[in-house]
Amino acid sequence: MAVSGNYYFAIVGHQDNPMFEMEFVPTNKEPKKEDHRHLNQFIAHAALDLVDESMWTTTSMYLRLVDKFNEWYVSAFVTAGRIRLICLHDVKNDDGIKNFFMEMYETYIKHSMNPFYVPNSPIKSAAFEKKALFYGRKYLTG
Amino acid sequence: MNRRPIVTYAGDNSLFSGLQTGLVTGLPQESVEWRRSYGRPSRCVHVEVDFVPFSEECLVKETPRTILGQPIFHTYWTDCSDVEAYKNTTRDSLQSWALALKQHGITDWMVVLLETPDTRKGNKLLPRTTVLDKIKNDFGSKQPERCVSLVDPLKTDSRSLESWQTLLTKMRHLLMVAYNRALNRFEESMRAERERRTEKSWSFCWYFLLQEELAHVFQLLALYDEALVQYDELDALFTQFVVNSAAGDSPRWLSTFSQPCERWEGLHLTPELDTTVQAKIRSKEVTLLEFRNYLFQRQCALLMHLNKPWEVASRALTFLQNTVGELNILEVNVAPGGVACWGVLSCLEVTDALHRYHTTDAHALHTAPLWAYARDKLQELGMLCGLMPGSATSSAQLHTVISLVCGMGNDPHSHEEPPRESPMTRLKDSLSSPQAFKKHFLELSEVAISTYKHIGRIRSARLIGRDLASFYMAQGEPQKAATFLTDQLTVFLEEGWQLLATQTQLQLAECYLATSDLERYVRTCAQLAGSCVLGNELRDQHFNKMMEAVEGVKEGLPVLIPSERILEVGSLNLVSEGRIILGAEVEVELSVLSKLPQDICCTSVHVSLHHWDDENESISGRRTAESEAKSQQGGGKTQNAATPHSSGSSTVDTEHSTSSTSSSTSSSTTSSNSTSTSSSSSSSSSGPSESSEAEGSRMNPMIQSLPMTLHLEYKQDKSLSSASVTCPNSHKVLRRRDSQGGLYKVDRNIVKEEQKDSLSAKDVIIRPGPNTIVLHTKVEKKGKYSASQVVLALEQVEFVCGRWSVGGPPLTLEVVSESPRICLGKGSRDLLAGVTQEMVLTVHSGSCSISKGTVVKLRSSRGLTMRRQAKEEEEEKEGSLEREVEIQLSEVAPFSSVSSPLTVLAELGPQRDAATIEHMVSISSTLVEQRQDVDVHFIPPFMSSHKLHTANTSKFLQMTVTGLVGHPMELTQATLKVLDPHQEQQVQLKALHPTSQALVVCSDQAASYMWELEVDHQQEGTPVVKLEFSVMYQPQELPDGPGPNPPRIYTSTLDLHDYKTLYTIRARVEPSKGSELCRAGNMCHLHIVLQQVGPTSPPGSRAEPGTTPHQHSIMYEVLADQTMWAVCGRTAGVLTLEGAVRQCVTMDVMPLAGGFLPLPSVRLSKYIPADSKHNTSREGGRKVEHVGSASSVPRLQPFSPGQVYNFSKAQQVHVLPASNTLQADSLT
């Protein structure tokens, strides 16, 4: 397990619209102030272009590191349906992020099979959030 | 520094020095294949060597710590030409040389024997007796190829040249073998060294130099890629060490790199080796920055050699970021700003180097982040040194600048020609003053933004733009900042990044406040107040700010604010029930979700209604809507700002466009093109209609069809191997697209629609959360209305919600207005004349209500009378049938009708044919503006005709009544009478039918009556007799028919002319004398007897006494069928019945055929001679005019049918066939 750092996770839909966001901070650290949340979003949003770019360079869904912005690394994962999972992190944790992405992908697939969920719309589900938190703790902040 | 492999020479040194130059230049001229061990691929290399004289000392070192500077190959040169001399001297010398080599275990050697052609010649007789043979024998027992001879190299003949080349080739080969051996040995020791890296005494610096030497060797052999691998390995090794040290595993040597950096010289990309740094590495005094610079510089130099400048660019950013990371991990103490300086310098160095390659465009993908990085670092410096706008430079900051500039060291480019702006001069200049800093900073920003845009990373460009916006704000140029921010805001809103949008709006609000752009300020504050991601405190704050700002815009037009995300219009529901009638009050419920933190008091709320009256407009509207939609898409991000122009037309398309949305979504399986998230998105994101389908697909790549083509693959025998579908330009289609078009549309330019009609409510308080507002209007035009814009107006602020943002199903009203209609209809059957019939007057009220007592007047044409049917035995008895009727209507509700039955009777006049009887009814009423004329057709139930029959002098009159309709009519009491009482004596009628008989006529059934006409033949002339036929008729009752119809009388008058018989004709055919029967071919006699009937007095005197008898000449004509009869002689003649009553004419006729032949017919006509006088005579009751000119010719006038009675009509005569006996039988 790598050194625990800060993580910001987002699911971005087809029209570059955010569908889900979550932050993971190490349990021992103080959670960051709310005011800085948008900075993560700015980086994640700016990285979308790079995700789209590197999407075509590989056949695998996990795109690894796509961008580095100051102290932040940006890793990405593109589902078969072109939903983008983006993760900002300040430590390298390739395997953990990959596992996390895989799990989240599966969770997302399950969620999207819900007939009441409109694809590409924001995910508002307590169960989904719980899962995300669980996997975040398991693979990221650990 | 150029260290070549070393080759020693021994033996005859003077001889070698003569050849040395030739060897040094000759060896690298051709490449030699380097066969490598460990299965590595063999490479072709050029060898360059340095020659040194052989000495024992240089062989001393045992373990090869280094490879360069070591002799790797040893040569011995001799020109001993004589075997004896060889035996005496040379052999010993060679032997000691070889022994020395052997002692050191060196196997890479070569002996070169210089021969002259003479020496060879002399020893030709004895084999294996040359010096070369001897040498081979003595030394080269196993490797004779290591002993070579060189034939007189100073000559230029082909033989000596050839031997020279052979020597070179052999030497190259052996050299590479030796080199390979040496390298392998070196690599082994190097690897062993690396394995020791966990030992405490191990030092990276030392190992670095070792492996770098290998890299040098490869570089010398021009194997740059291999050399690069060595550096990359070193890079990775070092990186790993640092990363591990972060985990607490820090070897001692690493502390060298943890020493504080006092200098931050930038990267200097040069192909040359930086010996000073190398020396520092050797002495283990190198700083991390220096080391990293050195390593990267080496890597870049090799990459440049490999002609891969783009890789330099792509590695640069990682290098920079990585190094900064390492500085942090190792906690290297660097003065603040030092790293930034280094970053800026290095970035600029790399970009400059790439610029020199003149292929900047190709590296844009990698240089863009570099520019951004440099910009970022420069900004860091600017903040550190107080160069950013709005901050004054303090003395401490000035000190910082000075120390930073010192730390940069000397400019490596200072001596370059031509002098140019080196990275260092630029950085120094930037730090010199705020103005210069601003210039450089903006320049860098611009380059970064434009490069990002160039490679399609718009978002990254925007991120810089956001940063620049803050810069401009501090600079005091809020307009410029606003440009960047609005650009971003659009994207964030479109893509639904609420948090980012709100952050941007916060900045924008400041901008607008600074520019005192009140309108936008109010708008932004309103949006912030309604933002769901902001805290309540901030929202309240902005709400108050907005309200304050509104005070400032007391004058002029109110501020329009798009209501999205502030006041969301949920739905419009029609409350009024039933059909909406023109002028009625319409009530509509509007539900609004207010996201504002506090109550607002709207002075008025209204929903504009768009009215469309007829089809034409809707069609043209649709057209404009489409073109509108097209232009919107063409404009890319220009949203469907509801302009007043489009406002009217687009509405029409509501159904249309939504349907196309659903089709487009269904057609694309992967697309999740916002099916129902909001009505706004569904209506606006759709590619409306087929005409702009292409546009639509451009908007949404997910629904674009791939250009697939059939691909057939054939085997060699031309049979089909496989068939597949391929996409020929997949790389183009599967390329990433910059903008996929946002999910949410943003109305930036709200224009208030001007509509005449609107639903409105006054003074409404809208509380946070859901609200329901009831709106009213009075509709004043008929047709369809659709709700378009919702406007919630405060005093000077109007929240406008465009039609597409209104949730729920679109509201449409249909206002109806129909004028009353009156129509006159017949009953179930066709109308019959002469019988009372039923008709119905129906009044449709339309959208009005009809009050009781409204009068409808009916006026019919002559011959048609009518009456209102009394209902259910009303007080008054059925009135008489009148031509004018007034009907009073009862009360009628809207959209209903009332009907009142009428009884009508059309007169039945004398009817001689089946023509219908037409009548007209005029309807007039206060309900309808114009008088209405209705045509009514009546069918006569029957018609009557008469016919006169003659039998000699007796006359019979037949009256026939023919039924014309299916409805049976009973006829009774048929009578015929003479109208003129004076004539009653002359003409007496005697009915031949029973008078009490009742006959029934209908369409297939006729009735006839017969009267005998007793004519007084004694009376002279035949005056016209007027008769009147009358019959009572009554329709037979039908089970479902109207009430009892009383019998009515039908009368018809008729005139009788020429009813007297004047002449009779009797004709017979007799056989000629001697024969009894007529026979074909035999002549017979035709006897015609004409007899005048009536008074014996000459008929000429009967009408007018003055007429002369010759006027009564009669012409007869025998008309025979020429196939049966041949008439001999004259067939016609004129007879004058003067005095005589009877005349006989006989003529010869011959029957042409046998059998019963009809008699030739005889026609009588009045003959009027040619010289008759000009007069008018009355003959047979008919007026005959003799025109003067015609009198010169005799004329014929036919008799009326009843005037001549032919007794022999239809008689036949039996004629025998020609061959038989001459018997004839006349059937007289």
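The values are calculated or read from the model by the stated rules, or taken from the named source; none is laboratory data. This one's a predicted model, so the numbers in the text were calculated from it and none came from an experiment. Note that each Cβ is placed from the backbone with ideal geometry, even for glycine, and that neighbours are counted across all protein chains shown.
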Residue tally, condition at the interface with chain B (Cβ under 7 Å from one of its Cβ atoms) and polar (S, T, N, Q), over segment A:36-52: 1
Total residues in segment B:322-357, condition part of a loop (DSSP other than H, G, I, E, B), farther than 23 Å from residue B:411 by Cα and out of contact with any Pro (no Cβ under 9 Å at 6 or more places or on another chain): 2
Residues being of a type outside the set (Val, Ile, Thr) and part of a strand (DSSP E or B) - total across segment B:15-47: 4
Test result for residue B:519, part of a helix (DSSP H, G or I) and either over 18 Å from residue B:467 (Cβ atoms) or touching a Gly at 6+ places or on another chain (Cβ under 8 Å) (or both): yes
Some residue of segment B:471-484 being in a helix (DSSP H, G or I), β-branched (Val, Ile, Thr) and touching a residue at least 24 places away in the same chain (Cβ under 8 Å): no
Close pairs (8 angstrom Cβ cut-off, 6 or more residues apart or separate chains): within 13 Å of residue B:91 (Cβ to Cβ) in segment B:121-138, of a type in the set (S, T, N, Q) and modelled with pLDDT under 70 anywhere: B:131/B:119
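Of the residues A:110, A:92, which is surrounded by fewer than 21 Cβ atoms within 10 Å (Cβ to Cβ) and either within 17 Å of residue A:43 (Cβ to Cβ) or in contact with a Phe, Trp or Tyr (Cβ under 6 Å, 6 or more places away or on another chain) (or both)?
On the way: A:110 fails: either within 17 Å of residue A:43 (Cβ to Cβ) or in contact with a Phe, Trp or Tyr (Cβ under 6 Å, 6 or more places away or on another chain) (or both).
Being surrounded by fewer than 21 Cβ atoms within 10 Å (Cβ to Cβ) and either within 17 Å of residue A:43 (Cβ to Cβ) or in contact with a Phe, Trp or Tyr (Cβ under 6 Å, 6 or more places away or on another chain) (or both) holds for just one of A:110, A:92, which is A:92.
Give me a count of the residues in segment B:311-321 that are within 11 Å of chain A (Cβ to nearest Cβ) and either surrounded by 18 or more Cβ atoms within 10 Å (Cβ to Cβ) or of a type outside the set (S, T, N, Q) (or both).
Initial filter on segment B:311-321 (within 11 Å of chain A (Cβ to nearest Cβ)): B:317-318, B:320-321.
Restricting the remaining residues to those that are either surrounded by 18 or more Cβ atoms within 10 Å (Cβ to Cβ) or of a type outside the set (S, T, N, Q) (or both) gives B:317, B:320-321.
Going through segment B:311-321 one residue at a time, the tally reaches 3.
In segment B:449-459, which residues are assigned to a helix (DSSP H, G or I) and either more than 14 Å from chain A (Cβ to nearest Cβ) or surrounded by fewer than 22 Cβ atoms within 10 Å (Cβ to Cβ) (or both)? Reasoning before the result, please.
We begin by selecting, within segment B:449-459, every residue assigned to a helix (DSSP H, G or I); these are B:449-454, B:458-459.
Result: B:450, B:453, B:454, B:458.
Being assigned to a strand (DSSP E or B), touching a strand residue (DSSP E or B) at 6+ places or on another chain (Cβ under 7 Å) and over 30 Å from residue B:837 (Cβ atoms) narrows it down to one of B:983, B:973, B:1034, B:988, so name that one.
Details: B:983 fails: assigned to a strand (DSSP E or B); B:973 fails: over 30 Å from residue B:837 (Cβ atoms); B:1034 fails: over 30 Å from residue B:837 (Cβ atoms).
Step by step, each of B:983, B:973, B:1034, B:988 is checked, and only B:988 is assigned to a strand (DSSP E or B), touching a strand residue (DSSP E or B) at 6+ places or on another chain (Cβ under 7 Å) and over 30 Å from residue B:837 (Cβ atoms).
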Hits in segment B:512-551 (condition: surrounded by fewer than 16 Cβ atoms within 10 Å (Cβ to Cβ), among the acidic types (Asp, Glu) and more than 23 Å from residue B:770 (Cβ to Cβ)): B:537, B:548, B:551
Residue A:64 surrounded by 14 or more Cβ atoms within 10 Å (Cβ to Cβ), in a strand (DSSP E or B) and on the phi > 0 side of the Ramachandran plot: yes
Residue check for residue B:488: out of contact with any Phe, Trp or Tyr (no Cβ under 9 Å at 6 or more places or on another chain) and within 10 Å of chain A (Cβ to nearest Cβ): yes
Residue check, residue B:267 more than 14 Å from every other protein chain (Cβ to nearest Cβ), buried (at least 23 other Cβ atoms within 10 Å of the Cβ), over 30 Å from residue B:221 (Cα atoms) and touching a helix residue (DSSP H, G or I) at 6+ places or on another chain (Cβ under 6 Å): no
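Given B:158, B:203, which one is of a type in the set (Gly, Ala, Ser) and farther than 30 Å from residue B:284 by Cβ?
Values: B:203 fails: farther than 30 Å from residue B:284 by Cβ.
It is B:158.
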Any hit, segment B:460-469, residues being surrounded by 18 or more Cβ atoms within 10 Å (Cβ to Cβ), touching a helix residue (DSSP H, G or I) at 6+ places or on another chain (Cβ under 7 Å), of a type outside the set (A, V, I, L, M, F, W, C) and more than 13 Å from chain A (Cβ to nearest Cβ): no
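Condition (residue is under 14 Å from residue B:917 (Cα atoms), at pLDDT 80 or above and not acidic (Asp, Glu)) applied to segment B:839-852: is it met by at least one residue?
First, the residues of segment B:839-852 that are under 14 Å from residue B:917 (Cα atoms): none.
Within segment B:839-852, none of the residues are under 14 Å from residue B:917 (Cα atoms), at pLDDT 80 or above and not acidic (Asp, Glu).
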Selection from segment B:797-815 of residues that are within 20 Å of residue B:565 (Cα to Cα), at pLDDT 75 or above and buried (at least 20 other Cβ atoms within 10 Å of the Cβ): B:797, B:798, B:799, B:800, B:801, B:802, B:806
Extreme residue, surrounded by the fewest Cβ atoms within 10 Å (Cβ to Cβ), among residues of segment B:270-290 that are hydrophobic (A, V, I, L, M, F, W, C) and free of Cβ contacts under 8 Å to residues at least 40 places away in the same chain: B:279
Single residue of segment B:494-509 satisfying the filter (over 17 Å from residue B:473 (Cβ atoms), of a type in the set (A, V, I, L, M, F, W, C) and in a helix (DSSP H, G or I)) that is farthest from the other protein chains (Cβ to nearest Cβ): B:501
Odd one out for residue B:311, checked against (1) in contact with a His (Cβ under 8 Å, 6 or more places away or on another chain); (2) more than 29 Å from residue B:196 (Cβ to Cβ); (3) assigned to a helix (DSSP H, G or I): (1)
Hits in segment A:67-98 - residues which are assigned to a loop (DSSP other than H, G, I, E, B), over 23 Å from residue A:123 (Cβ atoms) and at the interface with chain B (Cβ under 10 Å from one of its Cβ atoms): A:70, A:71, A:91, A:92
Filtered residue count, segment B:853-865, keeping only those that are in a loop (DSSP other than H, G, I, E, B), at pLDDT 80 or above and more than 30 Å from residue B:968 (Cβ to Cβ): 1
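Does residue B:469 count as farther than 19 Å from residue B:344 by Cβ, in contact with a Gly (Cβ under 9 Å, 6 or more places away or on another chain) and of a type in the set (Gly, Ala, Ser)?
Working: farther than 19 Å from residue B:344 by Cβ: yes; in contact with a Gly (Cβ under 9 Å, 6 or more places away or on another chain): no; of a type in the set (Gly, Ala, Ser): yes.
Here the answer is no, as residue B:469 does not meet what is asked.
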Any hit, segment B:237-246, residues being modelled with pLDDT under 85 and part of a loop (DSSP other than H, G, I, E, B): no
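Run down B:330, B:365, B:345 and say which single residue is aliphatic (A, V, I, L, M) and either within 13 Å of chain A (Cβ to nearest Cβ) or within 47 Å of the chain's Cα centre (by Cα) (or both). I'd like the intermediate steps shown before the answer.
On the way: B:330 fails: either within 13 Å of chain A (Cβ to nearest Cβ) or within 47 Å of the chain's Cα centre (by Cα) (or both); B:345 fails: either within 13 Å of chain A (Cβ to nearest Cβ) or within 47 Å of the chain's Cα centre (by Cα) (or both).
The unique qualifying residue is B:365.
Being of a type outside the set (Ser, Thr, Tyr), more than 30 Å from residue B:934 (Cβ to Cβ), surrounded by fewer than 20 Cβ atoms within 10 Å (Cβ to Cβ) and at pLDDT 80 or above is the requirement here; does residue B:781 meet it? So that I can check it myself, show each step before the final result.
Details: of a type outside the set (Ser, Thr, Tyr): yes; more than 30 Å from residue B:934 (Cβ to Cβ): yes; surrounded by fewer than 20 Cβ atoms within 10 Å (Cβ to Cβ): yes; at pLDDT 80 or above: no.
In short, no.
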Candidates B:573, B:544, filtered to the one that is in a helix (DSSP H, G or I) and on the phi < 0 side of the Ramachandran plot: B:544
